[in-house]
Amino acid sequence: MAPALNQVGFTDFVGQLLSEVFDSVISAEIGQEQSRAELVATAALDLATAAPQLATDAEVDTLLAQLFPTSSPGQTSAVFVGALYQPPPPTGTAGAEAPAFAALLGVTLVSGQDFHPGTGAGQGLTAAGVQKIRDAARAQLAAPRLDALRRIAERGVPRVVVDAGQVSATFTFQLESTAPPPAATPITLFTTARLAAPAAADLRLDAPASSTLASLAAAPATPFRFTLRPASDQAPQATKLTVNVYSAVQVSFRTVL
């Protein structure tokens with residue numbers, strides 16, 4: 001009795017291929033919806049709340065190093081606890097704030113809270129002052145990004161829908177006889193790439209995979225065993241190989257919403 005196609009493993013192969021395509025489409029759709037919800041939620045926040053999500057500490061450090069360079073060892077910028085700070089002089093008096101936090105970040109430091117005037121021990125920027133400066137730098141980085149998110153949310157977030165597609169997979173299937181042929185009529189592989197087997201249907205290597213399988217399934221009396229495996233650039237694919245056919249399966253699909 002001829003082996004059924006499900007004994008070949010072909011249906012399992014195609015079934016798994018379809019299942020993985022379906023899972024991929026669903027996973028992509030879920031990820032897309034999650035990203036869309038996060039974008040809309042972030043766009044609805046105020047700048048102070050959204051800034052930590054839109055600008056990282058590393059980005060803040062880089063900006064401060066660019067705006068306020070320092071020669072102090074072990075420091076990446078002039079913004080650290082105890083760093084020297086010259087507050088802006090009273091109106092009408094010569095001099096300027098140094099570093100220029102107000103001019104570059106729009107932040108105003110309060111004496112006694114954000115810094116201690118003077119140059120002795122315990123003077124300079126306080127921890128509260130450093131945090132205020134870092135928050136101002138983070139807000140400067142996050143503001144244009146938040147504006148962009150809000151514009152996207154107002155226009156409507158685009159959605160990518162998979163409505164059609166095509167999946168192709170290349171594989172090899174091998175034909176082996178499960179019973180030794182009679183001594184007088186051994187299985188011979190001709191140079192014309194045609195397999196002659198006792199009481200077996202013709203198997204042509206140039207025939208499509210579907211017609212080959214159909215012709216083999218139509219042979220009622222010849223015991224054959226098929227092996228389906230991923231394609232390889234090595235030949236032959238197995239040491240006891242009788243016939244090695246290189247073919248492919250192509251699956252077209254359409255998503256119905």
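The values are calculated or read from the model by the stated rules, or taken from the named source; none is laboratory data. Note that the coordinates shown come from a computational prediction; the quantities given were computed from them, not determined experimentally. Reconstructed Cβ throughout: ideal geometry from the backbone, glycine too, with neighbour counts over all protein chains shown.
Checking the stated criteria, residue 174 turns out not to satisfy the condition of being of a type outside the set (D, E, K, R) and modelled with pLDDT of 90 or more.
One residue alone among 73, 52 is at pLDDT 90 or above and surrounded by 12 or more Cβ atoms within 10 Å (Cβ to Cβ), and that residue is 52. Comparison of 59, 97 shows that the only residue that is surrounded by fewer than 15 Cβ atoms within 10 Å (Cβ to Cβ), in the same structural domain as residue 151 (by TED's automatic domain parsing) and in contact with a helix residue (DSSP H, G or I) (Cβ under 8 Å, 6 or more places away or on another chain) is 59.
Show me the helices (runs of 4 or more DSSP H) found entirely inside the stretch 23-138 where at least 1 residues are touching a residue at least 40 places away in the same chain (Cβ under 8 Å). Working first, answer last.
Working: elements: 47-54, 57-67, 101-105.
Once the helices (runs of 4 or more DSSP H) in the stretch 23-138 are filtered for at least 1 residues that are touching a residue at least 40 places away in the same chain (Cβ under 8 Å), what remains is 47-54, 57-67.
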